1. How big is the gap, in Å, between the Cα center of region 109-133 and the Cα center of region 1-69?
2. For region 214-228 and region 161-207, compute the distance between their C-alpha centroids and round to whole Å.
3. What are the chymotrypsin sites (Phe, Trp or Tyr not before Pro) within region 149-216 that DSSP puts in a loop, where the Cβ has at most 10 other Cβ atoms within 10 Å?
4. Kirkwood hydrodynamic radius (Cα pairs, Å) of the chain?
5. Calculate the dipole size of the chain relative to its Cα centre from +1 charges on Lys and Arg beta carbons and -1 charges on Asp and Glu beta carbons; express the result in debye to the nearest 20.
6. Taking a ≥ b ≥ c as the square roots of the Cα gyration tensor eigenvalues, with a/c under 1.5 meaning rounded and otherwise prolate when a/b beats b/c, else oblate, which class fits region 251-294?
7. Enumerate the calculated ³J(HN,Hα) couplings along region 120-134 in order (Karplus 6.51 cos²θ - 1.76 cosθ + 1.60, θ = phi - 60°), each rounded to whole Hz, writing x wherever the residue is Gly or Pro.
8. Per DSSP H run of at least 4 residues, take -39500 (n - 2.57); add these up for the chain, divide by its residues and hand me the 222 nm value, nearest 500 deg cm²/dmol.
Amino acid sequence: MKFALKPKPPFDFNLLWKFYAWKDPSPEIYESRVWNRALRVNKTLFPVRVESVGTVEKPKLDVEILSEINETQVKRLKENMEWIFNSQMDLRELYCFMEKDKKLKRLKNRLYGLKPANYATVFEGVVKTIIQQQISLTGSMHITTRLILKFGEKVKVKEDVFYEFPSPDSLAKASLTELKECGLSRQKSTYIKEFSKSIVENGFDSEEVIRFSVPDAIEKLTQIKGVGLWTAELVIVTCTDHKEVLPAGDLGVKRAISNFASRDLMSEEEIRKFTEEWGKFKALIAYYLICDEKSK
């Protein structure tokens, strides 16, 4: 099955995955301008390949589903991909705002068409964010890859393997020893296992936060052991439409904004005060600043 997605311009698909993915499963694999991942619809896993064939101003994504699929499942997969790629986000209002500041305008021009990807599920976002706590992004990506290889489902098509993120059931059944073997600390292993068990055994619905207001989403997420304000804010901005939420306690955010302001590393409180003038665009601008530092 093949079809095309037409994102809202401007949209630079390859720039997006330059910052979000790498050659090892996370669970997507992005290599040579091609994005591969297995996506789950209900309990069925579908191998999906996506390639950008358009331009930044006339974006087009060629999608190929490499297994049998019905129309209802195709519709769900399209919705999932539109969400993960954030392809319908309209950047025009953000760019109009950035045009008013010389430094922000230059930043916009350097990363023109960049949109932040979303995690496929809130569950994936929570687990990945717990992994990221107090370690480098590179270190967290290595741990995430090990977790996916050990507990995630996969589909093989000829020589290619398509990976999906581990399910709550698989992580709930995992032993603490098995989780630690992926590079997780005992504490993080416990957090992830207990969070997964709360979904499987107690019916905790983390996915409902996509419909919540920010305060309600924070309240819901901080019920999860190991999730504080920083983790909750990072989950909200990467898993919901609330792109105005700035995880000001994140070290990467603090470094990027402090460098932009030509100041020593600012505190969380100082970051929140400094970014007030950016209003609802503060999280998106912070994302651009982080990506800009990575590209240097």
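1. 15
2. With region 214-228 and region 161-207 each reduced to a Cα centre, they are spaced 18 Å.
3. On the way: sites: Phe151, Phe162, Tyr163, Tyr191, Phe195, Phe204, Phe212; in loops: Phe204, Phe212.
Filter output for region 149-216: empty list.
4. Values: mean 1/r = 0.0502 Å⁻¹.
Mean inverse Cα-Cα distance, inverted, gives 19.9 Å.
5. Details: 49 positive and 43 negative charges, 149 e Å.
Taking the Cα centre of the chain as origin, the dipole is about 720 debye.
6. Values: a/c = 1.81, a/b = 1.04, b/c = 1.74.
Since a/c reaches 1.5 but b/c is at least a/b, the shape of region 251-294 is classed as oblate.
7. 4, 9, 5, 4, 4, x, 5, 4, 5, 6, 4, 4, 6, 4, 6
8. On the way: 14 runs with 142 residues, N = 296.
Value at 222 nm, helices only, nearest 500: -14000 deg cm²/dmol.
Just so you know, all these numbers are worked out from the coordinates, no wet-lab data involved. The model shown is predicted, which means the values in this text are computed figures rather than measured ones. Every residue, glycine among them, receives a Cβ derived from its backbone with ideal geometry; neighbour counts consider all protein chains shown.
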